[in-house]
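Enquirer: This structure is in structure tokens; I'll ask about it shortly.
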Amino acid sequence: MELTLFSSSFCEPCIQTRAVLAEVKRLVPQATVREYDVARDTDKAEANGIRFTPTVIVADDAGTEVFRAVGVPTLAQVLVAAAKAV
């Protein structure tokens with residue numbers, strides 16, 4: 001399963017989201033966390049329809065999106081999404 005964070009350098013909520021994803025990674029070690037800065041990774045952001053930061057996408061091992069959050073997700077939201085992705 002992959003947790004992808006689309007962020008921007010000036011985004012305070014992105015810092016909060018990184019903390020949520022770090023806790024998910026601690027609780028679910030098999031999760032892969034990737035982060036893309038929308039200013040540097042514009043092609044990746046556009047391909048994923050990113051309009052706001054932070055945006056978190058949880059995908060299963062086949063790459064199918066099972067969850068998307070715009071804004072800071074709760075730990076519970078991401079953990080439920082991770083369970084769906086397994």
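Enquirer: If you go through region 47-86, how many residues are outside any loop (DSSP other than H, G, I, E, B), without any contact (Cβ under 8 Å) to a residue 40 or more places away in the chain and not charged (D, E, K, R)?
Expert: Counting residues in region 47-86 that are outside any loop (DSSP other than H, G, I, E, B), without any contact (Cβ under 8 Å) to a residue 40 or more places away in the chain and not charged (D, E, K, R) gives 10.
Enquirer: Kindly provide the set of residues from region 16-43 that are outside any loop (DSSP other than H, G, I, E, B) and free of Cβ contacts under 8 Å to residues at least 12 places away in the same chain, ordered by number.
Expert: Once the filter is applied, which keeps residues that are outside any loop (DSSP other than H, G, I, E, B) and free of Cβ contacts under 8 Å to residues at least 12 places away in the same chain, region 16-43 yields Ala19, Ala22, Arg26, Thr42, Asp43.
Enquirer: Would you mention how many residues in region 27-85 are among the β-branched types (Val, Ile, Thr) and over 12 Å from Leu3 (Cα atoms)?
Expert: 8
Enquirer: Sticking with this structure for a sec: Look through region 1-15, keep the residues that are assigned to a loop (DSSP other than H, G, I, E, B) and either at positive phi or touching a residue at least 24 places away in the same chain (Cβ under 8 Å) (or both), and return whichever of them is surrounded by the fewest Cβ atoms within 10 Å (Cβ to Cβ).
Expert: Among those residues, the one meeting the criterion is Ser9.
Enquirer: Can you find a residue that is closer than 15 Å to Ala85 by Cα and either at pLDDT 95 or above or crowded, with 16+ Cβ neighbours inside 10 Å (or both) anywhere in region 32-51?
Expert: Yes, there is a match, as at least one residue in region 32-51 is closer than 15 Å to Ala85 by Cα and either at pLDDT 95 or above or crowded, with 16+ Cβ neighbours inside 10 Å (or both).
The values are calculated or read from the model by the stated rules, or taken from the named source; none is laboratory data. Bear in mind the structure is a predicted one, so any value in this text is a computation, not a measurement. As a convention, Cβ positions derive from the backbone with ideal geometry for all residues, glycine included, and neighbour counts pool all protein chains shown.
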